[in-house]
Structures are given as structure tokens and as C-alpha cells.
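Chemist: Got a structure for you, written out below as C-alpha cells; questions coming shortly.
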Amino acid sequence: MSSLPWLTVIGLVPLLGALVLAALPRGAHYLHKMVALGTSLVVLVLTIAMCAAFDPAGDRFQFVQAYDWIPAFGVQYAVGADGIALVLIALIAVLVPVVILASWHDADAPLAAHVAGAPATSARVSSTAGGGAGADAEPAPAPKRGVRTFFALVLVLETMMIGVFAATDVFLFYVFFEAMLLPMYFLIGLYGGPRRSYAAMKFLLYSLAGGLLMLAAVIGLYVVSASQGEGTFAFERLTELEISTPVQIALFSGFFIAFAIKAPLFPFHTWLPDAGAESPVGGAVLLVGVLDKVGTFGFLRYCLPLFPEASRILGPYIIVLCVIGILYGALLAMGQKDLKRLISYTSVAHFGFIGLGIFAFTTQGQTGAVLYMVNHGLSTGALFLVAGFLIARGRSRLIPDYSGVAALAPILAGTFLLAGLSSLALPGLSTFISEFLVLIGTFSRYPVAAVLAALGVILAAIYILLAYQRTMQGTLRLPSGLTTIKDLHLREVLAVAPLLALMIFLGFYPKPLTDVVNPAVDATMQDAGRSDPAPTQGRGETAAPAR
Amino acid sequence: MPVEIQSPALAYAPVAPLLLVFAAALISVLVEAFVPASSRRVVQIWVCAVGLVLALAAVILLAGTEELTFSGAIAVDGPALFLQGTLAVLGLAAILLLSERSLDSSGGAVVARAAVLPGSREDAVLAEATEVQTEIYPLALFSLGGMMLFTACNNLLLMFVALEVLSLPLYLMAGLARRRRLLSQEAAVKYFLLGAFASAFFMYGVALLYGYAGSVDLGDIFAATGTAGTNDALLFVGLAMLAVGLLFKVGAVPFQAWTPDVYQGSPTPVTALMAACTKIAAFGALLRVLYVGFGRTEWDWRPMMWGIAILTMVVGAVLAVTQTDVKRMLAYSSVAHTGFILVGVIALSPQGLSGTLFYLLAYGFTTLASFAVVTLVRDSSGEATHLSQWAGLGRKSPLVAGTFAFFLAALAGIPLTSGFMAKFAVFAAGVDGGATALVIVGVVASAVTAFFYARVVVLMFFSEPPLDGPTVAVPSGFTAGTIALGLAVSVLLGVLPQPVLDLADNAAQFIY
């Protein structure tokens, strides 16, 4: 069973789905949606089967495949999943069908749901020419282009995201890391809000600039490996290199900045609120839920094991950045009027927690960080979806435009509350466990940082509950022109329910996750040459065992 | 007493590609003279195609040859054959672009009577006329022949001859645009004047180097650099002068000033030829001069080339940001790419050489095809090259806009395109050769170039088309085939570059 090339198959299925979409006739929207949904469900089923086949007690990397791709550079097509990559791939497999279901009408004609009940015809008008724009009195916020393109982009993005986590060759990882930008860029630029081209450009340039710095570091790594034998990009061979400390710091910086932009850590975060707010809801879920995780995943997979010495030296500074991010992100979130910007800023704070867990160099902290990556994908994904449902109804992203929505739409309000509580890490929900682990793990090495980060937990309660209270409670007020709001219908409930169910399930029973993640974290700690601080010591550095 | 004349050793087989192209050029001249006007175009296309395909076949048959011939003046070796083969294919593609008749209402991109004064009554008549001349074909063939010779010259005097053979027809061709005659004539004059200056510098450098080494053979110059008691001032000044001539042709800063004007004014197919082929040929000559003639004096020229590479990358990338014309933007982008290629040249290693060869091939196809796309977007006055006119192109013609976006991605060096592999090859060689700082400048400049490429994508896909915007003309098989070829090469080299990398690796050995 394990001989089946799981990762390659799972990665290729969405790409094939996208090709099928491209071959289908232009107008058949319902068919496009069904094909996209079907493809993503096939991926989900395959991923569940793969997770079942994963042996937590087995090798670190499983489902390994390696073929020479570009022997001239020593590049291999090499994939394999450790526990960390596995849970993140599983997260992708869960989120994509949810996103497709939730974005069912997002790519249809602008204003269609609001103005008239015939989305199909309006979509046809807008797809033929710019003529549709004149029909509406108010300027269309975002001329939508093509249902087929939207879902094809989502599927291509899924392939890239799976590839980036599955790659065990640094070159291959870089290829996916950069190529993944393009579908996201088009998702934001073609289907986003009013300032979509600004946001798309900002997203692309930030990511590309970081990516190119990483390219320089990748090349440097290759040259170092070539000087110590054969030039290679294979992850496990690279961890065995002896790199001098100054070179480590230089290469680490190249990788770190790329990942810090992607994650995003303070002060590299400024693109996220724009991209998060302007992208379509489905895009935002994938962007914040998965794409940004590549940054934190990169810290764990590449920065620490490849450059242990540099990580040890620079770690404390990064901890400072993370703590600033937690507090600053939370404070900015509180001040936002735009619901989607608010959620984006909460993510800045959450990524601070993840970074804290990673760079605290404790098993608990890193396990917590990995769990946090998954749980943040679920909770923020749900929050974005519910916010998207509300925005689709009210056609406004501004919090002050809404009040007392709970009276009209109790299910909407309930899911919003649940997703929000998960975001603030209420015990019983999955995010609590990860946040708790991160804080414990950090405390044993950096108690001050842990205490400051704990303040972020309180701030999170404020910004989430405040947003809930302002929009859902109180006297009824809706954006001008609306008298009523419909509650969630079946499709929307189906989209968001799996996320909520998983949050509750993993909140009470996180063992399936921790079983898989723990060995991978242990291996990472070992690669990085760090061990947990001895309990008696309580604070300060422990000597790293020589490798 | 009778002077004894030694007959030079001439081997014709190794120079067969050159002979075939020059023969085709001569036949092409005869065709101009003797074939009736009505059937000239078809005959000319066939002459060009047969000549270049045969030249490519000869290159393939010669693969692996390493031979000095014509008394050591011509070196037939890996780099020469690799670049000659590339030039044959790209040259043919450029000639197919020149042969396109279905885009411009009056037929062809080339004016019939170039000497008519712009703005005069005759010019107005000419603009409406549908007459077509075909002298562009022999010009293009001679230029291509000169380029192919340029990459194989082991002798500086012959290199000068090749430089003139490739340049003179280009000066003329730059002035032949059917539309916007004034710009085109300006381009021709500028190119000619500056090019003549550069040639003079080159010639002066050759003279000084002859004074230094007592020979114009690159092998002899290399030998002279190893002996004591030579006059180093002659060497340095001579090399600097020589470099001016060559760096002018590759479009490196500070000798890039002609690039935007000439690229903009020339007929777009000619621009494509210049951007792809001239750059390849000039880099071939530059590589040979630096690697063969001055391989031992790298400490003398490397600092200078470092400075030029950094300037070229930064100036090209930054100035491209401010451009509002597609052709000018591509011109500055070509300047930036010259800088990237120089990183590979400076590495002065087999990896640097093979990386540069690979880059030249990849870049040639991508840039040629991008200019081919530019010929498709037209309004009533000809090509619509102002960037604002490209707004919303993605909605009017997703296929053309998508193809162009892919070429831009390749130029920006996004993974899974040829541009990425090429950039990786030269940057890896650069770091390996100790030019880490140069590579860091390179990646920062790449990020800047990504900005203006992405801006065009934003315009095409995320903006509304203007009401009186240009239309996308439907090309014949000539242009469509060229674009398809460029697309195929850009994709293939991005996904499966190994065969071509092997080819470049095997070719990366100069002889002298």
C-alpha cells in the first residue's frame, strides 16, 4: 500500500481537474462548479486514505519518492511527508472543498444575487464584454470574470500548495513557493474587492522580493554543498552539511525574510491586511489559512534544521518580533472598521504565536505551533467564511454598517460566535490546546515573552467579542437599502459546518494530531541540535549537545 | 627574388553553416535582381528558410567539432556551434515575423521606399499605398551571417569585419518601419552614429592590442599575457576600447543609450531580431574575447566588468519602471537582462560559460516571441505600443494576453519558465565564482523588474479596456508559429531543461 505514490497523485488530481475545467465549454457554470467540487472531494478522500496509511512510529519521511529532475544542478523531484507536512496537507484537503462550496456564487455576475435572482444570465453578460457595467447605476465593485477561471485557479493553487509542503528538495520547494504566487495573484486581482489590483500587486511584490532573497540563499546553499562534495538540494543531505556561522547567518537571513514575509511576522506584515481584505472570501481563506503557513512551515522545516547555529543566535531577536506582532496585531485588529481587515490583523497576532512556539525551541512550543497552524487554518477559515456570508448579504465590509443581525439570522450569528470563540482560544475548542502549548513551551525558556504573549490572549477576547457585539447584538441596523437579511442557507451551512465540527472534535481529542506531529517535531529539534530546557533550570539557555 | 607566399590552410567543412547563410544571402540578392516582383516574396522566404535550415543541419552535423581553421582566424568549437545553431533558428523565426502580411492593412511591417521624407506629400501617399519591397530579406540574411561569424572569430581583425557585416544591414533595417517613419529614421541614424563610434573604439582597441602582443589572434594575445616585459598600458587600454565596442552591442550600461530609441523606432520584427540575435552574437564574441584572449588577466578586467554588470542591472531595471511604451519597456528589460547575463560571463568558469549559453538561448526565444505578440496589438495607426492602450486586453483577447503574461513571467524569472532556470544557472555560477555580491544585486534587480512586468499584467487583466482601445489582429501562420515556438521553448526549458543544459555543458569549451 505504501508503494502508491500518494503525494504525487494527490498533487496531480487538482491539476487534472483544472485541465478538465479548461476543456469544458465556457458557459456551463453549474458543470464547472460540480467538477471543481468533485475534484476537491476526490483529493479529500485520497488524503484521508493517505493519513490512514501514515505510520506515526515509522520513518520521519514517508511516501517518499525521488527522481532526478535536473541532474545538471543536482535537482530532484523528491517528495515525502513528515507529520508536520501531513497535517498541513490534510488541512488543505479540508479547506479547498469548503472554499469551493462557500464561493459557489462568488465568481458569478456582480450584484447578481442582490439585484435579480438570475445569476447565470448576468454572468453571461459580464463575461462577454464590459457592457454589463453600464447596466448598473452604481459602479460595480468588482467585475467578475468567468466561473471557470475562478475554480481552475483554486484547483491549480491546491496543487501548488500540496507541492510546497510535500517537497523534500529545496529547489522543488522553491519552485512551488514562487509558482504558488501566480494563481493567488490572479484570484485577488480578478475576483477581489475595489482595490484589488493594488492589493494583488502588493502581495506579489512583497512575496517575490522575499522569494528572490531566498533564491540567493538557495543558490548559496547549493554552492556550499557543492564545495563539500556533490551539489545537492536534497533536504536530508543538506542537514548534514558543516556550514560556518557567518555563512549560516547570511543564508538563514535569506530564508528567514522570505518566510517572515509569507507568514507574515511583524514588521513584514503590511501586505496581509490589504490582500486579506481585497481578495475574494475563498481566496482569503486559502491565503491566510494555508499560503501563509508556508512561512511558518519553512521556519520549522528549513531555517532551524539547516542553520542551527544561526537559529540559536538570532532566535531571541525573532522572539521579540513575534511578541511585538502578537500585541501590535491585536491592537490594530481592535481598531479596524473593516471586518476582513480585522480578521487579517488577528492573523498577524496569531502568526506571532506560531513564531513564538517555533523559536522557543521546546518540544511543547513547536508541537503547539504546528497544532496552531492547523487550528488557525480552521478557525480563521471559518471566521473569514462567515464574515464573507455576511458581507455578501449586506454588500458592505464595514462593521458600523451592521447591528443586531443575530435577530434576523441566528445561524449566521451563531457560527460567527463559534468561529470567533475559537479564534480567541476558548477552552474546549481546538485553538485553546495549541495556544496553551505554545505559551507553556515558551515560558520554560523565555518567561517574559510568554507573559507578554498571554496579554495577547486577553486582547483577542476584546477584539473578537467587540466585533460580535457590534454587528450581531443591539438594535437592528443594516447597510442602506436593505431591510432584511436572510439566514445561512444549506450550502453555506454545509460549507462551514465541517470546520466547526473539526474545531470542537480536535478541541476535545487532539491526539490524532499530536501523535503524528510529535515525532516530526522531535526530529526537527534534533536536527537543530536543541533539547528542552531541564525542568530544574527553568530559564535561560541550555547547552546545545554537540552534533 | 620571388616572394614566397604561403597559402593559408582553409577547411571549408567546419564553416559550412556560415557559407550556407552567406550563399543564401547572395542568392537572395540575385533574386531581388532577376525574379519578377510578383513572386519575389515567396521565393525570398524559401531562400531564407532553406538557407537557415541547412545551416542548422550543418551545425548539428558538426556538433562536437573543435577545429581552428582559416589560419586560426575562425574557431569552430562548442560555444560557436551552440550559438550558431541558436541564431539559425531565431533568425528564421525573425524572418517569418518580417514576412507577416495579414496584420498591417497595407501589407508587411516594412516600408517600400525608405528614403521618402517623413511628413511630405509623398510620405502621405506612401502611407496609404500597399506596395511592398523585399530587400529586407538579403539584409537580414547578411546580418545573420555576420552574427554567426561573430561568435566564431578567433582573430580580432576578422571579428571587426564580422561586427560590420552584422551591423550595417541592421542600421538600414532599423529605418524601414512602415508606420511612424520619423521615429524609425531617428532610430536608424542614432543606431548608425553610435554604432560607428563603438566600431571605431573597437578598431582602436584592436590596434593597441596588436601593439601589445604583435598579433591580433586571441591565442597569441593570451600567450603574450603570460610573458614578462610587455607593455601593460597597451593591454589595459586596448582591452577597455575593445570592451566598449562589444558592450555597446550587448547594450550594457553606460553604452545602452541607443537601446530604447532603436528598439522603439525599428519595425517590431527587426526589433525582435536585434533583441534576440544581436545580443546572442555579441555575447558570443564577448565571451570568446574575455575567456580566450584575457582568461589569464581576469584581475585586470573583472573589477571593471563587476561595475558594469551592477550598473547594467540596476539602471536597466529602474529605468524600465518609468516606461510607458511596451517596446521601450522591453528594451530596458533587455538592458537589465544583459546585466544578468554578465553575471554568468564574470564567473569565468565552465559553469559560467554554460549558464550564459543557456541564458542566451532561453532569453532569445522568450524576447523574440514577446515582440511578436507586440505586433498583434494594433489600432488604426499601426501597432498600439503605449501601455495604456493595453488595458483590459485580457478581457478582449485572453489567449494573446495570457501568452504575453507568460512571456513576462519568463522574463521575470518565475519558476517553471525558462527564465527561472536561466537565471538560476548564471546566478549559481556567479556565487560559485565568488561573485556573491553581484548575485545579491541581481536578485534585488530581479525584484524590481518583476514590478514592471507585473504592472503590465495588472493592466491587461485587472483594468477595464478603454472604449477606443486597440484590437488584436489575427495573424497568419508566420507570426502565430513564431509565438507558438517561443511559448513551447519557454515552457519546455522551464519544466525539462536538462537536455539543453547538457547541450550547453558539452559546448562550454573554447579552443584557441
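Every number here is computed from the coordinates shown, using simple stated rules; none is lab data. The structure presented is a predicted model; accordingly, all values stated were derived computationally and were not measured. Methodologically, a virtual Cβ is constructed for each residue, glycine included, from the backbone with ideal geometry; neighbour enumeration extends over all protein chains shown.
Chemist: In sequence order, what are the phi-derived ³J(HN,Hα) couplings for segment A:364-369 according to the Karplus relation 6.51 cos²θ - 1.76 cosθ + 1.60 with θ = phi - 60°, rounded to whole Hz, with x for glycine and proline?
Modeler: Taking θ as phi minus 60°, the curve returns 4, x, 6, 4, x, 5 Hz for segment A:364-369.
Chemist: Hey, another quick one. Given labels modelled 7 Å from the Cα in the Cβ direction, how far is it in nm from B:Arg296 to A:Ala52?
Modeler: Label-label distance for B:Arg296 and A:Ala52, simple model: 7.3 nm.
Chemist: Residues of segment B:192-207 with backbone nitrogen within less than 17 Å of a virtual label 7 Å along the Cα-to-Cβ line of B:Thr227, please, listed as ranges.
Modeler: none
Chemist: Another question, if that's okay. Step through the residues of segment B:100-110 one at a time and calculate ³J(HN,Hα) from phi using the Karplus curve (6.51 cos²θ - 1.76 cosθ + 1.60, θ = phi - 60°), rounding each to whole Hz and writing x for Gly and Pro.
Modeler: Result, ordered by residue: 5, 10, 8, 8, 7, 4, 9, x, x, 8, 10 Hz.
Chemist: In addition: Can you give the extra length, in nm with one decimal, that the chain gains between B:Ile5 and B:Glu164 once fully stretched, where that is 0.36 nm per residue apart less the Cα-Cα distance?
Modeler: In short, 54.4 nm is gained.
Chemist: Is there a pair in A:Lys340/A:Lys486; A:Lys293/A:Lys511; A:Lys202/B:Lys327; A:Lys293/A:Lys340; A:Lys202/A:Lys262 whose C-alpha atoms are over 23 Å apart, and which pairs would that be?
Modeler: Correct reply: A:Lys202/B:Lys327.
Chemist: How much length is gained on full extension from B:Leu26 to B:Ser71, taking 0.36 nm per residue of separation minus their Cα-Cα distance? Before the final figure, lay out each step's value.
Modeler: Values: separation 45, 0.36 × 45 = 16.20 nm, distance 2.47 nm.
My answer for the length gained is 13.7 nm.
Chemist: Which whole-Hz ³J(HN,Hα) couplings does segment A:21-28 yield from phi under the Karplus relation 6.51 cos²θ - 1.76 cosθ + 1.60, θ = phi - 60°, glycine and proline marked x?
Modeler: Per residue, the Karplus-derived 3J(HN,Hα) values read 4, 5, 7, 6, x, 4, x, 7 Hz.
Chemist: If the cut-off is 17 Å between C-alpha atoms, which lysines fall inside it for A:Lys33, apart from same-chain ones fewer than 8 positions away?
Modeler: Within reach: A:Lys144.
Chemist: Before anything else, pin down the relative contact order of chain B: Cα pairs under 8 Å, at least 6 apart, normalised by residue count, whole percent.
Modeler: Over chain B, the number comes to 17 percent.
Chemist: Measure nothing fancy, just the Cα-based angle from helix A:181-191's long axis to the longest principal axis of chain A, in degrees from 0 to 90, nearest 10.
Modeler: That helix lies at roughly 10 degrees to the long axis.
Chemist: Turning to a different aspect of this structure: Can you list the residues, at least 5 places off or on another chain, whose amide H is less than 5 Å from the amide H of B:Ala129, using H built in the peptide plane?
Modeler: Excluding prolines and chain starts, which carry no amide H, there are no hits.
Chemist: Then there is this: Provide the FRET efficiency to the nearest 0.05 for the A:Ser244-A:Leu490 pair, computing r from the beta carbons and using R0 = 56 Å.
Modeler: That pair, A:Ser244 with A:Leu490, gives E of 0.35.
Chemist: With 10 angstrom as the radius, rank A:Glu278, B:Glu128, B:Glu67, B:Glu4 by how many other C-beta atoms surround their C-beta, starting from the fewest. All intermediate terms of the calculation are to be shown ahead of the outcome.
Modeler: Values: A:Glu278 27, B:Glu128 8, B:Glu67 14, B:Glu4 5.
Starting with the residue having the fewest Cβ neighbours, the order is B:Glu4, B:Glu128, B:Glu67, A:Glu278.
Chemist: Hey, rough spin-label estimate for A:Arg395 and B:Ala480, points 7 angstrom out along Cα→Cβ, what's it come to in nanometres?
Modeler: Inter-label distance under the simple model: 4.3 nm.
Chemist: Continuing with this model, one more query. Order of B:Leu487, B:Leu438, A:Leu212 from fewest to most other C-beta atoms within 10 Å?
Modeler: Sorted ascending by nearby Cβ count, the order is B:Leu487, B:Leu438, A:Leu212.
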